[in-house]
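I have placed the structure first, in the form of structure tokens, so that the comments after it can refer back to it.
The values are calculated or read from the model by the stated rules, or taken from the named source; none is laboratory data. Quick caveat, the model's predicted, so the values are computed rather than measured. Virtual Cβ from ideal backbone geometry, glycine too; neighbours counted across all protein chains shown.
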Amino acid sequence: MREYLQTILLESGTLSTQDILLHIVSAAVISIAIYISYWISHVGTAYSKKFNVSLVTLTILTATVMTVIGNNIALSLGMVGALSIVRFRTAIKDSRDTTYIFWAIIVGICCGVGDYLVACVGSCVVFLVLLLLGRVRNENRMLLIVRGDRNHATDIEGAVFKQFNGKALLKVKNSTADAVELIYEMSRSVYQLNYKNDQEITDILYGIEGTEYVNIVAQSDEITG
């Protein structure tokens, strides 16, 4: 019985146990580079430890699947059919995360079919590119929200126009019979003009009769939570 179980465990089609270990271990080693790259490029932002660990396991699992498939066309079609019923609904917080997912899958495929050189060279190039450009950030947009007396809407618009040299874009204008709410959008560099003038925009707007509130909000494309 023991010999029978050992025979089953050691059976792996055309691959030897050494080949299987080499495929999976190489995928695990290269996945560490993916882990480090993600950690470096996302430090100080919406960094997810769970997602980073998932990249490592995804690489190993992809290599395992490719090792099982090998050159068996029938098995590969069956595997594609089985995996096609799986639906993923995890929200991608950062567009760069998609890059890391594809990186992990491609490394797993390369290692699973024994193309270690392709996996290593490709990973080195991607690692360097992400190391140099991975910390590029979208400039946060600033929103200026003002609510005041409708009769003084012109005064509010004129004050904002003058303070930011006409570079603050009016995106929304909500009004009732007595009040008006204005929402301006500007880049952070334009918002810095606010500190170069004698008075800040909040002081100017509150100096206009009927102003109820002034809110300044930083808006980003990144999804958090």
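Please tell me if Ala46 is part of a helix (DSSP H, G or I) and at pLDDT below 85.
When the stated conditions are applied, Ala46 does not pass them.
Of the conditions (1) in a helix (DSSP H, G or I); (2) more than 30 Å from Val65 (Cα to Cα), Val118 clears all except one; give me its number.
(2)
I need the full set of residues from the stretch 156-184 which are buried (at least 17 other Cβ atoms within 10 Å of the Cβ) and of a type in the set (D, E, K, R), in order please.
Once the filter is applied, which keeps residues that are buried (at least 17 other Cβ atoms within 10 Å of the Cβ) and of a type in the set (D, E, K, R), the stretch 156-184 yields Glu157, Glu181.
For the stretch 138-185, how many residues meet the condition of being in contact with a Phe, Trp or Tyr (Cβ under 6 Å, 6 or more places away or on another chain) and more than 14 Å from Thr211 (Cα to Cα)?
Residues in the stretch 138-185 being in contact with a Phe, Trp or Tyr (Cβ under 6 Å, 6 or more places away or on another chain) and more than 14 Å from Thr211 (Cα to Cα): 3 in total.
Does Leu182 satisfy being touching a strand residue (DSSP E or B) at 6+ places or on another chain (Cβ under 9 Å), free of Cβ contacts under 8 Å to residues at least 24 places away in the same chain and in the same structural domain as Asn151 (by TED's automatic domain parsing)?
No, not satisfied.
State yes or no: is Lys167 closer than 15 Å to Leu143 by Cα, touching a residue at least 12 places away in the same chain (Cβ under 8 Å), assigned to a loop (DSSP other than H, G, I, E, B) and assigned by TED's automatic domain parsing to the domain that holds Asp149?
For Lys167, the condition - closer than 15 Å to Leu143 by Cα, touching a residue at least 12 places away in the same chain (Cβ under 8 Å), assigned to a loop (DSSP other than H, G, I, E, B) and assigned by TED's automatic domain parsing to the domain that holds Asp149 - is met.
Check whether at least one residue in the stretch 24-37 is of a type in the set (Phe, Trp, Tyr) and either surrounded by fewer than 11 Cβ atoms within 10 Å (Cβ to Cβ) or at pLDDT 90 or above (or both), and report yes or no. Spell out the reasoning first.
The first filter runs over the stretch 24-37 and keeps only residues of a type in the set (Phe, Trp, Tyr), leaving 35.
Of the ones still in play, those that are also either surrounded by fewer than 11 Cβ atoms within 10 Å (Cβ to Cβ) or at pLDDT 90 or above (or both) are 35.
So far as the stretch 24-37 goes, yes, one or more of its residues are of a type in the set (Phe, Trp, Tyr) and either surrounded by fewer than 11 Cβ atoms within 10 Å (Cβ to Cβ) or at pLDDT 90 or above (or both).
Contact list please: Cβ distance under 6 Å, first residue in the stretch 44-61 and within 20 Å of Ile109 (Cβ to Cβ) and among the hydrophobic types (A, V, I, L, M, F, W, C), second residue at pLDDT 85 or above and in a helix (DSSP H, G or I), pairs at least six apart or on different chains.
Correct list of pairs: Leu55/Ile34; Leu55/Tyr100; Leu55/Ala104; Val56/Ser31; Val56/Tyr35; Leu58/Ala104; Ile60/Ala27; Ile60/Ala28.
For the stretch 12-23, enumerate the residues that are modelled with pLDDT of 85 or more and loosely packed, with under 13 Cβ neighbours inside 10 Å.
Hit for the stretch 12-23 is Leu21, nothing else.
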